[in-house]
Amino acid sequence: MTKAITQKLYQEMMDKAVEVSKNAYCPYSKFAVGACVLMDSGNIYTGCNYENGSFGMTICAERNAIGTAIANGDKKVKAVAIYSPNKDNCTPCGACREVIHEFSENDENVDIIVKIGDDIKVLKLAYLLPESFNL
Ligand code: THU
């Protein structure tokens, strides 16, 4: 993909992450998050965070989106866009980095897309998760 096509696609993914963040269920933290994943197949899936009164049961937006991808038979992640209205540069938490890694063929080729004001920034998963855990 050319840089221009990638930029347009990543912007569209970020728009979807913004949209789905509006469905977040976050009565405890009041911190809404939306995520949009692009799979190897070209399919994209979205997810938002949903919390629980038993706090540890909370599911992050990224893991929700990846769960939907898996349920649809897509297992290779290419890129993930993450957005929170509460915070610029909302990068995935450590747990979500490991889950993204689980479904990545090469962390050097997996793009993590975050929003800073009206701009998007692209980071490699390998940069965010050096020395990942592997069985
Ligand atoms: N959260 C996410 O959805 N993704 C992350 O990568 C970090 C945190 C959610 C979990 C919780 O509902 C809220 O943000 C505050 O931690």
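The values are calculated or read from the model by the stated rules, or taken from the named source; none is laboratory data. Source: prediction; values computed, not measured. Quick reminder, even Gly has a Cβ in these numbers, built from the backbone with ideal geometry, and neighbours come from all protein chains shown. The area values use the complete protein model at the heavy-atom level, side chains included, leaving out ligands, DNA and RNA. Shrake-Rupley method; radii C 1.70, N 1.55, O 1.52, S 1.80 Å.
Accessible area of the chain with a 1.4 Å probe: how many percent of it is carbon plus sulfur?
Of all accessible area on the chain, carbon and sulfur atoms account for 52 percent.
Share of antiparallel DSSP beta bridges in the chain, in percent to the nearest 5? Mind dumping the intermediate values first?
On the way: 19 of 23 bridges.
Around 85 percent antiparallel, to the nearest 5.
Order the following by accessible area, largest value first: Glu12, Glu131, Glu102, Glu19. Probe radius 1.4 Å; ligands, DNA and RNA are ignored. Walk me through the intermediate numbers first.
Working: Glu12 80, Glu131 180, Glu102 130, Glu19 105 Å².
Putting Glu12, Glu131, Glu102, Glu19 in descending order of accessible area: Glu131, Glu102, Glu19, Glu12.
Can you tell me the dipole magnitude for the chain around its Cα centre, using point charges on the Cβ only (Lys, Arg +1; Asp, Glu -1), in Debye to the nearest 20?
Details: 14 positive and 17 negative charges, 47 e Å.
Using Cβ point charges on Lys, Arg, Asp and Glu, the chain gives about 220 debye.
Which value, in Å², gives the accessible area per residue of the stretch 7-128 when a 1.4 Å probe is used on the protein heavy atoms?
50 Å²
Could you tell me the center-to-center distance, by alpha carbons, between the stretch 84-135 and the stretch 1-71 in angstrom?
12 Å
If you average the sequence gap of Cα pairs under 8 Å that are 6 or more apart and divide by the length of the stretch 87-135, what percent do you get for the contact order?
Details: 50 pairs, mean separation 18.6, N = 49.
That works out to 38 percent.
Put +1 on the Cβ of every Lys and Arg and -1 on every Asp and Glu Cβ in the stretch 7-128; which of Asn109, Val18, Val122 then has its Cα farthest towards the positive end of the dipole?
Highest projection toward the positive end goes to Val18.
Keeping all protein chains in place and using 1.4 angstrom, which order do Lys87, Lys30 fall into by accessible surface area, from largest down?
Order by accessible area, largest first: Lys30, Lys87.
For Ile120 and Asn23 in one chain, what is 0.36 nm times their gap in residues minus the Cα-Cα distance, to one decimal in nm? Write down the numbers at each step before the final one.
Values: separation 97, 0.36 × 97 = 34.92 nm, distance 2.15 nm.
Computed gain between Ile120 and Asn23 is 32.8 nm.
How much net charge surrounds Ser41 when only the other residues with a Cβ under 15 Å from the Cβ of Ser41 are counted, with Lys and Arg +1 and Asp and Glu -1?
With Lys, Arg at +1 and Asp, Glu at -1, the net is 0.
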